[in-house]
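A.B. asks: Structure below; questions to follow.
The values are calculated or read from the model by the stated rules, or taken from the named source; none is laboratory data. Bear in mind that the values here come from a model prediction, so they are computed numbers and not experimental data. We place every Cβ from the backbone using ideal geometry, glycine too, and count neighbours over all the protein chains shown. Side chains are part of the model used for accessible areas, which takes the heavy atoms of the whole protein and leaves out ligands, DNA and RNA. Shrake-Rupley method; radii C 1.70, N 1.55, O 1.52, S 1.80 Å.
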Amino acid sequence: ALPIYSVDLKKLIQCNVDTQYTRRVRRRPAYRSYRSMTPYLQTMPESDPGTLHEPRTNTGIYPSTWVMRTWDRNTPFMKVPMHRMEVAYARIETHFHKTQPEDRIMIYKMYRIQNEFLWQKYQCQKEFMSRDLKDTEKASLEKHLYHGTAQGNVDEICRLNFDFRVSGTNGTVYGNGCYFALDAKYSHTYTQRAETGLRHMFLAKVLVGKMALGNASYRRPPPLEDSSALYDSCVDNLENPTIYVVFDSCQCYPFFLTEIGR
């Protein structure tokens, strides 16, 4: 039979009921990730590169972070596991924990999504929207935003992209489109706990362009003033937007996927 213990949390003592053997109980220290503790470590394993590095990648029309040597072109997309010492991993992890403290939510795995067809569509849309823009306007055209979802939707998003046609599952306060958030904390509320105990959140590239204040009745962005053209996206607040809505799947790309949990 398994031993039975009694624990005194005031005295911090554990006692074996049968043998009466006692020992001290220590409180668990606050969690700190490997990366946050690296500057304080006096010794490092020889196999650790010591500094962040990017993998060797293909150059050209694809993102610099794509690892082309692992790409199986017979599949519509690939989820490429990332090493925690990559520059991209470090930047995403740092930004994620600005609103989600690491002692509450941890990033267990991170994947790079490689979908050639969706990427080319996104790049064509970016080039189209960049025409006639000033350099200052081009700098604010694209943002990296979060999108929380259920595990059952992950592969479909990786293969077909975010689908504005199924909007409404989690509300349409600012329009019937695809919703993205500036902060990971907000998107976390739209994730669902899988059987593994993990949740899933994308970090997407989104072409926000010219923004209008959203409205629940919108099925597309409203027209620009004194023009037949439309705004590119809708937001929750024009002065300090934190929620973005796009109505065309060509304006977004599922760039990275994180698996998170407590």
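A.B. asks: Would you say Pro221 is touching a residue at least 12 places away in the same chain (Cβ under 8 Å) and either part of a loop (DSSP other than H, G, I, E, B) or open to solvent by 70 Å² or more (accessible area, probe 1.4 Å) (or both)?
C.D. replies: For Pro221, the condition - touching a residue at least 12 places away in the same chain (Cβ under 8 Å) and either part of a loop (DSSP other than H, G, I, E, B) or open to solvent by 70 Å² or more (accessible area, probe 1.4 Å) (or both) - is met.
A.B. asks: How many residues are open to solvent by less than 70 Å² (accessible area, probe 1.4 Å), modelled with pLDDT under 90 and either aliphatic (A, V, I, L, M) or on the phi > 0 side of the Ramachandran plot (or both) when one looks only at the range 91-134?
C.D. replies: Final tally of qualifying residues: 1.
A.B. asks: Considering only the range 5-29, how many residues are in contact with a Phe, Trp or Tyr (Cβ under 6 Å, 6 or more places away or on another chain) and among the small types (Gly, Ala, Ser)?
C.D. replies: 0
A.B. asks: Output the number of the condition that Gln251 fails; it satisfies all remaining conditions of (1) more than 18 Å from Gln125 (Cβ to Cβ); (2) open to solvent by 10 Å² or more (accessible area, probe 1.4 Å); (3) not charged (D, E, K, R).
C.D. replies: Gln251 satisfies every listed condition except (1).
A.B. asks: Leu213 is checked against (1) free of Cβ contacts under 8 Å to residues at least 60 places away in the same chain; (2) out of contact with any Cys (no Cβ under 8 Å at 6 or more places or on another chain) and fails just one. What number does that condition carry?
C.D. replies: Condition not satisfied by Leu213: (2).
A.B. asks: Also, I was wondering about something else. Would you tally the residues in the range 198-218 being farther than 21 Å from Thr99 by Cα, open to solvent by less than 70 Å² (accessible area, probe 1.4 Å) and small (Gly, Ala, Ser)?
C.D. replies: 4
A.B. asks: For Phe164, all conditions in the list (1) open to solvent by 30 Å² or more (accessible area, probe 1.4 Å); (2) touching a residue at least 24 places away in the same chain (Cβ under 8 Å); (3) more than 19 Å from Leu118 (Cα to Cα); (4) within 19 Å of the chain's Cα centre (by Cα) hold save one; what is the number of the exception?
C.D. replies: All conditions pass for Phe164, except number (3).
A.B. asks: Of all residues being touching a Phe, Trp or Tyr at 6+ places or on another chain (Cβ under 9 Å) and part of a loop (DSSP other than H, G, I, E, B) in the range 233-253, which is farthest from Tyr174 (Cα to Cα)? Just the residue, please.
C.D. replies: Ranking the qualifying residues of the range 233-253, first place goes to Asp248.
A.B. asks: If you don't mind, another one. Asp183: in contact with a helix residue (DSSP H, G or I) (Cβ under 8 Å, 6 or more places away or on another chain) and open to solvent by less than 70 Å² (accessible area, probe 1.4 Å), yes or no?
C.D. replies: No.
A.B. asks: Follow-up. Just one of the numbered conditions (1) surrounded by 15 or more Cβ atoms within 10 Å (Cβ to Cβ); (2) out of contact with any Pro (no Cβ under 9 Å at 6 or more places or on another chain) is not true of Ala139; which one?
C.D. replies: (1)
A.B. asks: Could you list, in sequence order, all residues of the range 197-218 that are of a type in the set (Val, Ile, Thr) and either out of contact with any strand residue (DSSP E or B) (no Cβ under 6 Å at 6 or more places or on another chain) or assigned to a loop (DSSP other than H, G, I, E, B) (or both)?
C.D. replies: Matches in the range 197-218: Val208 only.
A.B. asks: Any idea how many residues of the range 63-79 are modelled with pLDDT under 80, loosely packed, with under 13 Cβ neighbours inside 10 Å and among the β-branched types (Val, Ile, Thr)?
C.D. replies: Looking only at that region, the number is 1.
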